[in-house]
Amino acid sequence: MAVLESIKNTFRRWVTSLPFFVLLGLVLGTIIAVQLIPRPKVAIIPISGAILEQSFADNILEALKRAEDDNSVRAVVLQIASPGGGSSVIEQVYLDVLQLRKKKPVVASIGSIAASGGYYIAAASERIYAPPTSIVGSIGVIGNLPSPEGINEQTVTSGLFKATGSSKRHSLAELEMVRQQFVSEVISQRGERLKLLPEEISLAMVYSGSEALKLGLIDEIGTITSATRKAASLAGIRNYTVEEIPVQQTFSFLFFGPADMQKLISQNSTTPTYYYLAFESE
């Protein structure tokens, strides 16, 4: 009888303490899960300087792809401080931002400048933030017309425009087509928020951040902090970390200034070249 009673008491104590062990197991399981499951992230991708070389654009595209493929990245902030760049490379970045936006919220944070191609990239995001005195706009194109083929007895071409690619008249028509594409994309992305008519946009004026807000070119006055919070909100996350995905910049354009820009635009070229680049003067 004593043995049976001892077994009953042991079983009774075990049953009584079972909720404690269940609770302990839940607590330990939660702690382990928190350690194993990564916290959601908001990725910041810095885009700064003139984007003129394909290698620089490729570095930006690689950063966008990393953000797209990383499942722990739930939203992306583009930290933009750029006067633009070559038309084709800017369009590549713009299209990849749109692709990324199909999967994750993308918010743009303008620093000192997002003009021409810099603004083109920002327009691909869902929301745009900028400080009051930033430079925004310059929605237009600059082009180099082809120079006529010079006399050169060492080089022979087989077609009238083999050396230049096209006539100056055709290049002007192409430049207008590129301009229209830029304007139409801005209108498409900004939608009803935009307070400018197409002909006003086509003036390619630059505006301060405060003016840009009134005209619907940006959505809020704010910094990278505001943009990050908005991106997290759009992704529906609260307990998140912020991680920068670095973009290696081409050294030759780290210190690209007004004088370099004027030299680039005014240089002679045998083939037409186009830039979404804000033209500045010293």
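The values are calculated or read from the model by the stated rules, or taken from the named source; none is laboratory data. Bear in mind that the values here come from a model prediction, so they are computed numbers and not experimental data. Positions of Cβ are generated from backbone atoms using ideal geometry, with glycine treated the same way; all protein chains shown enter the neighbour counts.
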* Please find, within region 184-210, the residue that is farthest from I44 (Cα to Cα) out of those that are part of a helix (DSSP H, G or I) and touching a residue at least 60 places away in the same chain (Cβ under 8 Å). => I201
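Step by step: first the residues of region 64-74, then only those that are of a type in the set (A, V, I, L, M) and more than 18 Å from I110 (Cα to Cα), then the one that is nearest to the chain's Cα centre (by Cα). Which residue is that?
For region 64-74, the residue satisfying everything is A67.
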* Residue in region 75-90 that is at pLDDT 95 or above, over 16 Å from V106 (Cα atoms) and part of a helix (DSSP H, G or I) present -> yes
* To do: For residues that are in a helix (DSSP H, G or I) and either touching a Gly at 6+ places or on another chain (Cβ under 8 Å) or among the small types (G, A, S) (or both), scanning just region 108-141, find the one that is farthest from G222 (Cα to Cα).
  => G117
* To do: Take region 213-272 and flag every residue that is of a type in the set (S, T, N, Q), at pLDDT 95 or above and in a helix (DSSP H, G or I).
  => T225, S226, T228, S233
* Across region 186-226, what is the number of residues that are surrounded by 18 or more Cβ atoms within 10 Å (Cβ to Cβ) and charged (D, E, K, R)? -> 2
* To do: Return yes or no: is K65 surrounded by fewer than 24 Cβ atoms within 10 Å (Cβ to Cβ) and not in a helix (DSSP H, G or I)?
  => no
* Asked: Can you name the residue in region 91-107 that is outside any helix (DSSP H, G or I) and in contact (Cβ under 8 Å) with a residue 12 or more places away in the chain and is also surrounded by the fewest Cβ atoms within 10 Å (Cβ to Cβ) among such residues?
  -> K103
* To do: Sort through A124, A115, A50 and tell me the only one that's surrounded by fewer than 24 Cβ atoms within 10 Å (Cβ to Cβ) and of a type in the set (G, A, S).
  => A124
